[in-house]
Structures are given as structure tokens and as C-alpha cells.
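Visitor: One structure, as C-alpha cells, below. Some questions next.
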């Protein structure tokens with residue numbers, strides 16, 4: 001199943017009312033005719049059904065978690081992920097998803113895309129899937145959440161692999177697979193998802209001062225084709241860790257922040273520019 005089909009199915013399961021009749025019919029036909037699409041749809045239904053099955057009771061603390069998640073309070077901009085495991089009283093849909101993941105590891109001549117890892121968060125409803133494209137030998141990353149804000153522009157880090165990936169507005173990313181990481185390592189992978197703690201558009205010739213929730217201050221200056229950025233820490237150590245620079249029709253550029261000056265060159269003088277800072 002092509003990743004574009006996965007995106008189509010994910011939208012159909014999550015919010016079919018937002019689709020045209022033609023697109024809904026396409027999704028229904030794909031799920032009916034394609035076994036992989038059918039298993040993926042079942043996985044997503046089980047994932048989203050759990051949101052409705054857990055009561056939003058004040059005593060359980062779920063309401064507070066939900067509200068805090070909307071505003072991304074400090075301490076919740078970083079979420080740890082572990083290999084996805086269904087709950088003990090798992091529904092058939094969740095169990096089917098596990099079966100689908102195992103069956104997807106077939107020779108490349110039988111299936112173009114195989115699942116490398118499926119990871120879930122313990123603190124919120126968030127799933128990350130990593131796939132391998134056997135044709136291009138590249139990886140595909142998908143961040144799945146009911147909230148668009150939690151999918152878009154997420155920084156997904158695999159510390160043991162030295163891999164940092166930034167998703168687009170749909171929660172997707174294409175990346176080069178580390179040659180030294182095998183399938184067994186991917187199956188046991190752990191990851192961290194970071195969400196932006198600050199965002200700022202920077203116009204041509206503009207100077208920037210961003211007061212971050214961490215207490216640090218990001219100073220920037222854009223002149224011609226160059227952007228210069230420096231981080232002023234609030235305490236003895238910097239809390240902010242990463243910066244992305246996004247321009248139209250280009251993937252986000254990721255940088256590690258530090259007290260030393262950071263320069264990005266070759267930017268079109270008139271292009272819209274967006275900075276996002278992560279803890």
C-alpha cells in the first residue's frame with residue numbers, strides 16, 4: 001500500500017465528513033479490495049475508538065490532561081515513545097494491527113513498503129510509524145494523533161540511532177535510513193517527540209527577539225540571503241535544544257541550538273521564513 005493511500009485512509013477513518021463523496025468512495029473501495037489497507041483501517045479505528053472509550057471524568061485527571069495538551073504547557077512539549085503494545089483487554093481491531101505489522105515484513109518483490117517500527121506514547125494518544133520503501137531504500141515516518149497540532153512540525157528523535165526527523169504539516173517525513181541499523185533494532189526502538197515551544201515568522205531584513213517558555217531568548221537577524229541566530233540562555237545551561245527553519249517548497253532545515261552564532265545562507269531574500277524552537 002502506497003503512503004498516499006495510508007494518508008487517504010487515515011483521513012477517512014478520522015474525519016470522513018471532511019471528505020468529498022468521491023474521496024470517501026475511493027477510500028471505501030481501497031479498504032474493501034486491499035488486505036493491507038483493510039488491516040491499516042482496522043488499526044486506526046482501534047486507536048481512535050480508544051479516545052471515545054476513556055471517559056473524560058474530572059477524578060481520572062483525563063480532562064486536565066486533555067486541556068493541558070491543547071495548550072502544550074511546559075513539560076508536555078516532549079513526549080517519550082516506546083514500541084506499541086495493545087492493552088491487555090485489547091479489541092480485535094488492535095490485535096489485527098499487530099498481525100498486520102508482522103505480516104508486512106515480506107521480501108521486497110512482494111510488497112513495496114514494510115513496517116520498521118510502531119511506537120506509542122504512555123502519556124497521551126499518539127502513535128508513530130516508521131516504514132521502509134524497498135524501491136527508493138528510504139524511510140517514511142508518520143505521526144498519528146487526533147489533534148492536527150500534535151502531528152504537524154513534530155521533531156521525532158531516535159537517540160540510539162542518532163536520527164532527528166521533522167514532520168510536515170500532515171505529520172509526514174521522508175528520510176535516509178541509517179545503514180548500520182537493522183530490523184531487530186528498529187523493532188525495539190524508542191523515540192522522543194518534541195513539539196515547538198515557540199514559533200515566529202521572519203520577514204526580509206527583520207530582526208527577531210523570541211522570549212522562550214524555557215526562559216532563554218533567541219535573537220535573530222535576517223539580511224539578504226542570510227539568517228543569523230544566537231541563543232541567550234536564561235541559566236548556566238541552555239534549555240532550548242533545536243531550531244527549524246522553514247521556507248516554501250522546501251523541507252524544514254534542522255539545527256542544534258547553542259550560545260554560538262548560527263548562520264543559514266542561500267535563502268531567497270523575499271521568501272517567507274518561519275522559525276520554530278524545540279526543547
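Visitor: Restricting to the stretch 179-196, give me the number of residues that are loosely packed, with under 15 Cβ neighbours inside 10 Å, closer than 16 Å to residue 140 by Cα and in contact with a strand residue (DSSP E or B) (Cβ under 8 Å, 6 or more places away or on another chain).
Guide: Going through the stretch 179-196 one residue at a time, the tally reaches 1.
Visitor: For the structure I just gave you, tell me whether residue 12 is modelled with pLDDT of 80 or more, in contact with a helix residue (DSSP H, G or I) (Cβ under 7 Å, 6 or more places away or on another chain) and assigned to a helix (DSSP H, G or I).
Guide: Working: modelled with pLDDT of 80 or more: yes; in contact with a helix residue (DSSP H, G or I) (Cβ under 7 Å, 6 or more places away or on another chain): yes; assigned to a helix (DSSP H, G or I): yes.
For residue 12, the condition - modelled with pLDDT of 80 or more, in contact with a helix residue (DSSP H, G or I) (Cβ under 7 Å, 6 or more places away or on another chain) and assigned to a helix (DSSP H, G or I) - is met.
Visitor: OK, next. In the stretch 197-210, which residues are assigned to a strand (DSSP E or B) and under 20 Å from residue 153 (Cα atoms)?
Guide: Residues of the stretch 197-210 assigned to a strand (DSSP E or B): 198-201, 207-210.
Once the filter is applied, which keeps residues that are assigned to a strand (DSSP E or B) and under 20 Å from residue 153 (Cα atoms), the stretch 197-210 yields 198, 199, 200, 201, 210.
Visitor: Please determine whether any residue of the stretch 188-205 is free of Cβ contacts under 8 Å to residues at least 40 places away in the same chain and over 28 Å from residue 151 (Cβ atoms).
Guide: So in the stretch 188-205, the residues free of Cβ contacts under 8 Å to residues at least 40 places away in the same chain come out as 205.
From what's left, over 28 Å from residue 151 (Cβ atoms): 205.
Checking the stretch 188-205: at least one residue is free of Cβ contacts under 8 Å to residues at least 40 places away in the same chain and over 28 Å from residue 151 (Cβ atoms).
Visitor: Of everything in the stretch 215-227 that's buried (at least 16 other Cβ atoms within 10 Å of the Cβ) and not in a loop (DSSP other than H, G, I, E, B), which residue is nearest to the chain's Cα centre (by Cα)?
Guide: Going through the stretch 215-227, the residues buried (at least 16 other Cβ atoms within 10 Å of the Cβ) turn out to be 216, 218, 220, 222, 227.
Among the residues that remain, those that are also not in a loop (DSSP other than H, G, I, E, B) are: 218, 220, 222, 227.
Details: 218: 24, 220: 26, 222: 28, 227: 26 Å.
The qualifying residue nearest to the chain's Cα centre (by Cα) is 218.
Visitor: Is it true that residue 139 is modelled with pLDDT of 90 or more, more than 20 Å from residue 5 (Cβ to Cβ) and either assigned by TED's automatic domain parsing to the domain that holds residue 185 or assigned to a strand (DSSP E or B) (or both)? Let's see the steps before the verdict.
Guide: On the way: modelled with pLDDT of 90 or more: yes; more than 20 Å from residue 5 (Cβ to Cβ): no; either assigned by TED's automatic domain parsing to the domain that holds residue 185 or assigned to a strand (DSSP E or B) (or both): yes.
Answer is no for this residue.
Visitor: Based on what the data block shows, is residue 160 at negative phi, assigned to a helix (DSSP H, G or I) and at pLDDT 90 or above?
Guide: Details: at negative phi: yes; assigned to a helix (DSSP H, G or I): yes; at pLDDT 90 or above: yes.
Taking the combined requirement at face value, the residue satisfies it.
Visitor: Just one of 263, 212, 165 is modelled with pLDDT under 90 and either closer than 22 Å to residue 120 by Cα or loosely packed, with under 13 Cβ neighbours inside 10 Å (or both); which is it?
Guide: Values: 212 fails: either closer than 22 Å to residue 120 by Cα or loosely packed, with under 13 Cβ neighbours inside 10 Å (or both); 165 fails: modelled with pLDDT under 90.
Only one candidate qualifies: 263.
Visitor: Restricting attention to the stretch 236-260, and to residues there that are assigned to a loop (DSSP other than H, G, I, E, B) and under 15 Å from residue 197 (Cα atoms), which single residue is modelled with the lowest pLDDT?
Guide: Quick first cut of the stretch 236-260, residues assigned to a loop (DSSP other than H, G, I, E, B) only: 236-241, 247-252, 257-260.
In the following step, the residues that additionally are under 15 Å from residue 197 (Cα atoms) were identified as 238-241, 257.
Numbers: 238: 59, 239: 70, 240: 69, 241: 83, 257: 84.
Ranking the qualifying residues of the stretch 236-260, first place goes to 238.
The values are calculated or read from the model by the stated rules, or taken from the named source; none is laboratory data. This is a predicted model, so every value here is computed, not measured. So basically every Cβ, Gly included, is an ideal-geometry build from the backbone, and we count neighbours across all protein chains shown.
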